Amino acid sequence: MVLVPALPLAAALIVGLLGFPLLKTRSHIPVIAAIGTSFVLSLFLLRGVLNDTPQEESGGAVGVEKLVRLWRWAGIEGAYSQGEGEQAVSRPFDIDITLRADPLTAVMLSMVTFISSLVAIYAVGYMHGDPGYPRFFAYVSLFVFSMTMLVSVSNFVLLYVFWEAVGLCSYLLIGFWYEKPEAAAAGKKAFLVNRIGDFGFALGLFLLWTTYGTLNFHDVGPDGALPTASAEAEGEASGGKIAVQGVLGQSRLQDPAHSYVGGGVGLAICLCLLAGACGKSAQFPLHVWLPDAMEGPTPVSALIHAATMVTAGVYMFIRCTPLLHASPTAQAIVASVGAFTALLAGLIALTQNDLKRVMAYSTISQLGYMFLGVGTGMLAGIGAGMFHLFTHAFFKALLFLGSGSVMHAMGGIVDMQRFSGLRKIMPWTHGTFLVGCLALCGVFPFAGYYSKDAILAAAHGRAMHDLVLLEGTRWEFSLYQTLYYSGVFTALLTGLYTFRAFFMTFYGETRVPPEAGHHAHESPPSMVGPLVILAVFAFGIGYIMSGSEASHDQPFGGFLHHTPSLAFSGLPAGPHDEASHAKVAALSSLFALSGIGLAAFLYLGERRQVERLSRLMKAVRLYQLSYGKFFFDQIYNGLIVAPLRLLASVCYWFDQKVIDGLVNLGGWLPQAFGAMLRPLQNGLLQFYALAMMLGLLVLIGALLMWPVS
Amino acid sequence: MTPLQAIAAASILLGVGLWLLLPRGGAPGRGFGALFSAIALGLFAFVVVRIDPQHRVGDSVFLLLAATTIVSALGAVTLRSPVYCAIWFAMTLLGTAGLFLYQGAQFLGVATVVVYAGAILVTFLFVLMLAQPKGMTSYDRVSWEGMLSAATGAVLVGLLSALVFAPPPVAEGEQPLAGLNVDPVAAADREAEILSPDHMAHLGGQLFSRYLIGVEVAGTLLLAALVGAVAIVAQGKQQPRWEEGRQHG
Amino acid sequence: MDEVQLLHRFLMVGALLFSIGLVGFLSRRNMIVMFLAAEMMLQGISVSLVGWGRFHNDWGGQILVIFILAVAACEAGIALALVLMLFHQTGKLDVAVWQSIREANQPKFVDHQLPEETLPVEHWPTLPPAGVEPELPVEEMIHRSHV
């Protein structure tokens, strides 16, 4: 358990310290070894958690969790106090460095380490010959450490710490080619936009602290010990062996309806957390950094900005499901944000010419799906969101690595208008890319089909659920219904933009940009290998994981169900209506296929229709709207950056004139005083004697005036 | 006229007189300066000396000695030629020696004449002869900040004499100035001691018993000064910077 | 005689000597005269000390004056050696020449220039001429004082 994050950290230290002087082009060896071992270990962990699963029925505990406490980092006694007199509660402010293993963590760990291993192997080929080769691997290893810690810590503060750590790695890797001004600017942009979200996250943490009085996930016993299974049982018997109820602790989860604060405070907490998640997971309105982040090396885009880091927001929300469950409004907002982002990003992706940017917007769009799933507030939806996160990691990493392969062959060119018909040159890339595209679109046997349709089904189910159960709140029904339809429409867009990129890249007449030179060829085996592995997974993982169609009984959802955060009783399970699920699946598949068909119609062959269509769209200004990414950058520029710039210039002026003036005055005063006194030092012996004498006179005069008693 | 007023007036007069007397590049007024100074000295004498008819001779001797000392001191300070200054200073020394004798410090009176007038002053004159440039130099004819220095000296003498003659009031129940109440027995003893033929022997006994360490240290100091003076002059000779100094000055 | 009266007189004389010496030290610019003035200040102190010694019927005052004599002798020796050396460097006894310890960027103190005042050339009496009247060594006579 501990070794999973420790190994990448060790590798990062080794490579970071010794990479340049010693390892040089062998820098990948310790990193790949460490991450690979971590992957194997996390598989063992997954297996261990799986084996534990059946036993939870017998114990009184909710879900399965194993805690490993490393040490107690901070303990400020009496930091939290509440109540008066007898009922006064005073608790220390604890930060336990505690790792937890539950199904959610295990799944995330396996996924992260698996993708990381493949990306690291891929990067051996991709980054070959780069001067910053050891640096790259040190960063990647550091990122893996941070991400594994992020998903396995059991404390909000530590979650925040590693949340920042992955942000830092992201920043370092986006700006990896820091000589490029775009890369540096993109890194800065990502960092700043993330700051906005993190600010919200921090506020959320403060609110959590004042509301619940602890930031630990788990319960803590009276003597600071971790609760064990037996103590748990006894604690229930004797009533009150638990000193501090963790935010997501067992004792609190026993009765979620009463122990979680709803209403305004709950909503505020959820919204603050949402701000953080939006920043990290690139949701509207903080999505602008992700497309620019594509300036980083492609393996990084695949690893951080598609598969792992951006899903941290989704992970956090799944972890915090009980909090979210306490506030239906927050659920609705999360779902709306997700659906809107999905739609928006899909629309923008339609017109982008940069292959990696298309992928970036598609990532944003898919993350929107995940938020939609989480926002349904039902186990099926959350499970589907997690499921989509899981499958998406595979096929999006595949797509990114594929486009990286294309980019590698084309000499760094990512503009799709400049090359086409590459399927003959790069057959392996073509094949795997096709698998990835199909998976992304959610075509039947591929991974995306299961997960995306599960989300849509959950959204639909939520709408129906509201319609049936909550007669009074019609707006929720209509809201989720709208979200559902927008999700379905986004599926159409997904098919369209994905296959537009696919056809533009791999079909049509063979064109190669001059920058590619002579080495427009298939990528080396270290790059193709991970592609093939990922393609296999993208093809099969959905089917393997989904099992039967019944959403609650599917292994993945059922497995996740044992996560403590998701296992409490109040969470509605979700729709069981197989007919409607099938209907939803059929509908979305139909839309996706029609999107693919439309793309084929438009982009295969002569593309005359495209010209006509784009002229038409240009005529009504829709094209520019999409091409300009809905002008979010410009809007932000005008609304936020320009006033800030004005404020900054005012501050600069104030600082320059007033503050510096004051400071300089402070420096100038002694100087002036000294200048006044300087003529005294005229070097004349007699003057000094005179001054001495005058001082003596003053003393004698003082003695005369105020005699010593 | 109260003593304080007299002292103030005398100090002011002395200051003005000194300023006028100091070399000011040939500016007129030295006569007035001498006059003012004389009046100031007279005022001081008026404040200090109360003529006792029984000791008329003694008082006259004191006044004569004091006047010689102070007047020659004024001359030593104010005259332009360094040689005259030295000669007037010799007069001052003689006056002081007389004052020492007047107080019964016979050894000191003689020693002052021998050491100061005989040794130190002669050294001064030697140096003057060695180092006196041609003619009357400008720095001898002009004093530096004469008014300010004279004022300083006047204020100083005013303050000192005010401290002596108008002592600050003491708080209730305190002794005014311990020791000022002289009992006649001690005075008689003192007279006997001063007139005793063993006066010098007693001084010597004191010097070489109670103050022996001080004497040794003083002797060492003299030796060090001797060596130091020789070393300084020798070093100055080794590196003559005459030409450089000429350009400089 | 009244001992207090005697003490007062001597203190007065000492104060006057000290103050006059002080004025001389402060205002005269010839280094040798300055040392004379300093010696005069010491004399003032000595007079006061002897007065106090007599007043208290104690040898301390006289002994201290003896030490003052010793110190004054040392001081005079060292100081005159220094003066001589300084004079050899500049050809002047002016204390205002030595102001190099002044603060940087401070203007040098320059006193207003006085018209040169030369001593009249004096003809020293000579022996009556036994034959031809000897030619007067005018150059040498002018530079007489400059050894």
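Answer with yes or no whether A:T351 is part of a loop (DSSP other than H, G, I, E, B) and touching a residue at least 24 places away in the same chain (Cβ under 8 Å). The answer is yes for A:T351. Does A:L355 meet the test of being surrounded by fewer than 24 Cβ atoms within 10 Å (Cβ to Cβ) and among the aliphatic types (A, V, I, L, M)? It is false that A:L355 is surrounded by fewer than 24 Cβ atoms within 10 Å (Cβ to Cβ) and among the aliphatic types (A, V, I, L, M). Across the stretch B:1-31, the number of residues qualifying as closer than 20 Å to C:R28 by Cβ and assigned to a helix (DSSP H, G or I) comes to 9. Residues of the stretch B:211-237 that are modelled with pLDDT under 90 and more than 7 Å from chain C (Cβ to nearest Cβ): B:V230, B:A231, B:A234, B:Q235, B:K237. Being farther than 10 Å from B:C85 by Cβ and at the interface with chain B (Cβ under 7 Å from one of its Cβ atoms) is the filter here; which residues of the stretch C:22-34 pass it? Answer for the stretch C:22-34, where residues must be farther than 10 Å from B:C85 by Cβ and at the interface with chain B (Cβ under 7 Å from one of its Cβ atoms): C:L22, C:V23, C:L26, C:S27, C:R29.
The numbered conditions (1) under 17 Å from the mean Cα position of the chain (by Cα); (2) within 27 Å of C:I78 (Cβ to Cβ); (3) not basic (K, R) are all true for B:L130 except (1). Number of residues in the stretch A:653-709 that are more than 13 Å from chain C (Cβ to nearest Cβ), among the small types (G, A, S) and more than 60 Å from the chain's Cα centre (by Cα): the value is 4. Close contacts from the stretch B:106-132, counting a first residue that is in contact (Cβ under 8 Å) with a residue 12 or more places away in the chain and facing chain C (nearest Cβ under 8 Å) and a second that is of a type in the set (V, I, T) and part of a helix (DSSP H, G or I), with Cβ to Cβ under 7 Å and a gap of 6+ residues or different chains, come to B:T112/B:T96; B:F124/C:I32; B:L128/B:V83; B:L128/C:I32. Kindly indicate whether A:A538 is at pLDDT below 75 and part of a helix (DSSP H, G or I). Yes. From the residues in the stretch B:143-153 that are at the interface with chain C (Cβ under 7 Å from one of its Cβ atoms) and either at pLDDT 80 or above or out of contact with any Asp or Glu (no Cβ under 8 Å at 6 or more places or on another chain) (or both), which one is surrounded by the fewest Cβ atoms within 10 Å (Cβ to Cβ)? By that ranking, first place goes to B:E145. The helices (runs of 4 or more DSSP H) found wholly in the stretch A:621-678 and carrying at least 2 residues that are at pLDDT below 70 and touching a Pro at 6+ places or on another chain (Cβ under 9 Å) occupy A:632-636.
Inspect all residues belonging to the stretch C:121-144 and state whether any of them is out of contact with any Phe, Trp or Tyr (no Cβ under 6 Å at 6 or more places or on another chain), of a type in the set (K, R) and at pLDDT below 75. Looking for residues that are out of contact with any Phe, Trp or Tyr (no Cβ under 6 Å at 6 or more places or on another chain), of a type in the set (K, R) and at pLDDT below 75, one finds at least one in the stretch C:121-144, hence yes. Here the condition is being at the interface with another protein chain (Cβ under 7 Å from one of its Cβ atoms), farther than 27 Å from B:V16 by Cα and among the hydrophobic types (A, V, I, L, M, F, W, C); of C:L80, C:L7, it holds for C:L80 alone. Is it the case that A:G125 is in a helix (DSSP H, G or I), surrounded by fewer than 24 Cβ atoms within 10 Å (Cβ to Cβ) and modelled with pLDDT under 80? Against the criterion (in a helix (DSSP H, G or I), surrounded by fewer than 24 Cβ atoms within 10 Å (Cβ to Cβ) and modelled with pLDDT under 80), A:G125 qualifies. Scan the stretch A:177-192 for residues that are acidic (D, E) and in contact with a helix residue (DSSP H, G or I) (Cβ under 8 Å, 6 or more places away or on another chain) and the total you get is 1. Just one residue in the set A:V314, A:V334 is under 17 Å from the mean Cα position of the chain (by Cα), modelled with pLDDT of 75 or more, farther than 30 Å from A:F136 by Cα and crowded, with 24+ Cβ neighbours inside 10 Å; that residue is A:V334.
No other residue among A:V144, A:V161, A:V119, A:V140 is surrounded by fewer than 20 Cβ atoms within 10 Å (Cβ to Cβ) and of a type in the set (V, I, T) apart from A:V161.
When the stretch C:1-49 is filtered for residues that are touching a residue at least 40 places away in the same chain (Cβ under 8 Å), within 20 Å of C:I63 (Cα to Cα) and surrounded by 24 or more Cβ atoms within 10 Å (Cβ to Cβ), only C:F10 remains. Where helices (runs of 4 or more DSSP H) sit wholly within the stretch A:235-297, those with at least 1 residues that are of a type in the set (D, E, K, R), at pLDDT 60 or above and under 29 Å from A:F176 (Cα atoms) occupy A:263-281, A:289-292. Please tell me if C:S19 is among the hydroxyl-bearing types (S, T, Y), within 14 Å of chain A (Cβ to nearest Cβ) and not in a helix (DSSP H, G or I). In short, no. Of all the numbered requirements in (1) hydroxyl-bearing (S, T, Y); (2) more than 11 Å from chain C (Cβ to nearest Cβ); (3) within 17 Å of the chain's Cα centre (by Cα), B:S60 misses one, and that requirement is (3).
Within the stretch C:89-100, residues that are more than 7 Å from chain A (Cβ to nearest Cβ) sit with their Cβ atoms under 8 Å from residues that are buried (at least 21 other Cβ atoms within 10 Å of the Cβ) and basic (K, R), at 6+ positions apart or across chains, in these pairs: C:D94/C:R29.
The values are calculated or read from the model by the stated rules, or taken from the named source; none is laboratory data. Since this is a predicted model, take the numbers as computed values, not measurements. Quick reminder, even Gly has a Cβ in these numbers, built from the backbone with ideal geometry, and neighbours come from all protein chains shown.
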